[in-house]
Amino acid sequence: MSEPNTVLVTGGAGFIGSHLVDRLLSLDHKVVVIDNLSTGKLKNLNPAATFHHLDITQPSVTEVFQREQPDVVFHLAAQVSVTESTKDPFHDSDVNVFGTLRLLEAARRCGIEKFIYSSTGGALYGDPETDPCTEEHPILPVAPYGLSKYVAELYLDLYHRLYQINFTTLRYGNVYGPRQEAHGEAGVVAIFAQAMLEGRQPQIYGDGDQARDFVFVDDVVEANLLAMTKGDGGAFNIGTGEKTSVNQIFESLQSTIKYRWGPELAPARHGEVYKISLDSSKATEALGWTPRVGMEEGLLQTVEFFRNAGKAVR
Ligand code: NAD
């Protein structure tokens, strides 16, 4: 896609979505955002985007599609909390499955060029038997969130077969970076950094040995941009292939922030994957994607953001 296009970003006021909106605008695309601001923030949202304050489960989504005629849809709006999905699986399914279906129906009625879906690699494969884990690994989620994100993938596949809707699914590792809030899948970096900067003691659940594939938000945005023209009909892991434990994150942030205290230890949580890293070689081959921002640099940028945000509040 060489010419600037109208792109619709659901969840564009959220952590990842707002970074994507900024990049798309910098590339001269016309950007339309649908967000109900349940976890997203207006202050994240670039004022150059056209904003529809709307829930993706609502019928009026179709009117927005008809009015704006998007060429490409980036679908990021979701119920993003693994813990909440266990407490209220109905709401989780409502947003993540039914909401996605609402968008797909609107997309097929108005005709779009591509639907790019933000799925999860971290919550889909359960505790993987292989490390790093490829897309071929059995789908064995340990919480409703992982399943609802996957059912939406299946709807994409169905709509492709039934109505030829072109799509790419991106399965992220644990995304971190500026603007992240504490509630999401990879909230640990935001939670620890904010607590340390405010002189509070962060909690570590269980032994802290649980490890994830942490990928920086700019790299995830890049994968979305590449998917505009590549990776048709595929699902791709977007991660670094490296595992970093919660204890390691604590120690790295501790030394970056010069925080003097240890963590407060709390019981392990249910519905959490213990250890996972993602093999992204399929994304490298099909999209030309590789992660560029290392953990040290990514954490530095994140801490800097929270430091400045803290100063702005005072
Ligand atoms: P986020 O909570 O910051 O963003 C989600 C956005 O969707 C928010 O702005 C929220 O207000 C909006 N939203 C939620 N429900 C909505 C609804 N019913 N209607 C309209 N808008 C709604 O979370 P994020 O971390 O930026 O996640 C973005 C996407 O990436 C999600 O689809 C998530 O499942 C996926 N993902 C995130 C991670 C991660 O580590 N952050 C990992 C894997 C996948």
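The values are calculated or read from the model by the stated rules, or taken from the named source; none is laboratory data. Source: prediction; values computed, not measured. In this analysis, Cβ positions are derived from the backbone assuming ideal geometry, glycine residues included, and neighbour counts consider all displayed protein chains. Accessible surface areas use protein heavy atoms only, side chains included; no ligands, DNA or RNA. Shrake-Rupley method; radii C 1.70, N 1.55, O 1.52, S 1.80 Å.
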Prolate/oblate/rounded label for the range 177-222 (Cα gyration tensor, a/c 1.5):
oblate
Return one number: the angle in degrees, 0 to 90 and rounded to the nearest 10, between the long axis of the Cα atoms of helix 217-227 and the longest principal axis of the Cα atoms of the chain.
20
Just how far, in whole angstrom, is the range 1-50 from the range 59-123 if you go by their alpha carbon centroids?
15
Using the Cα centre as the reference, give the magnitude of the dipole from point charges on the C-beta atoms of the range 122-260 (Lys, Arg: +1; Asp, Glu: -1; all else neutral), rounded to the nearest 20 debye.
440
Roughly how many Å is it from the Cα centre of the range 216-278 to that of the range 283-308, as a whole number?
10
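Where the only charges are on Cβ atoms (+1 Lys, Arg; -1 Asp, Glu), what is the dipole of the chain about its Cα centre, to the nearest 20 debye?
820
To the nearest 0.05, what FRET efficiency results for residue 284 and residue 87 with a Förster distance of 30 Å applied to their C-beta separation?
Using R0 = 30 Å, I get an efficiency of 0.20.
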Just in the range 4-52: which trypsin sites (Lys or Arg not before Pro) are loop by DSSP and have at most 15 other Cβ atoms within 10 Å?
41
If you restrict to DSSP beta bridges whose two residues both lie in the chain, what percentage is antiparallel, to the nearest 5?
5
What accessible area per residue comes out for the range 22-63, rounded to a whole number of Å², with a 1.4 Å probe?
52
Unit charges at the beta carbon, dipole of the range 47-123: most positive-side option, 119, 70, 49
70
How much area per residue is accessible in the range 211-314 when the probe is 1.4 Å and only protein heavy atoms are counted (Å²)?
51
Among 194, 255, 90 - extreme Cα towards positive end, dipole of the chain, charges at beta-carbon:
194
Carbon/sulfur accessible area of the chain, % of total, 1.4 Å probe, equals 51
